[in-house]
Amino acid sequence: MAPQLEPLVIESGAGKLVLHLMDAFHAEVLALRAGVEAAARRGMTRVQFETDSLTLVQGLKSSNGYRLAATGGLCLDILQRCVISFNVFSFHYCPRNCNRVAHALAALGCTNSQTTDVRWDGSPPDVEDLVAGDLAEPVV
């Protein structure tokens, strides 16, 4: 019997914009760390993390990773949290077209002013169809 996959879209802590980022890669690292923390809080033991940042996946899988990079401490934190929290974990590259929900939410967040809290009761507008579409596609 194949394991059940539970798709999970991660938002920043309180749904607020993070205004102090070095670059897009820094945002990818923070998003992955938030995903790791959310999976650990939920008590998951076998997890697969997907990101559209091939550079991040390659760095986490390499022996030296980003040890000397500006985000090296965050990457090390991700790996340590995974070792402590999960029996089995893996990192996978997923092209952007496979991650439509996250990109729709990011685009929606970009349309709001920086002082606006982005929160919804239930699902945001137009996102339910994307989630249903992602669930209907085969998982490879």
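If we scan the stretch 50-58, do we find a residue that is out of contact with any helix residue (DSSP H, G or I) (no Cβ under 8 Å at 6 or more places or on another chain) and among the small types (G, A, S)? No, every residue in the stretch 50-58 fails to be out of contact with any helix residue (DSSP H, G or I) (no Cβ under 8 Å at 6 or more places or on another chain) and among the small types (G, A, S).
For D129, the conditions (1) under 16 Å from V29 (Cβ atoms); (2) modelled with pLDDT of 70 or more are fulfilled apart from (1).
Tallying residues that are closer than 20 Å to R46 by Cα and either without any contact (Cβ under 8 Å) to a residue 12 or more places away in the chain or not aromatic (F, W, Y) (or both) within the stretch 58-102 yields 18.
Quick check, is R41 more than 19 Å from A27 (Cα to Cα), among the basic types (K, R) and modelled with pLDDT of 75 or more? In short, yes.
The values are calculated or read from the model by the stated rules, or taken from the named source; none is laboratory data. Remember, predicted model here, so these are calculated numbers, not experimental data. Note that each Cβ is placed from the backbone with ideal geometry, even for glycine, and that neighbours are counted across all protein chains shown.
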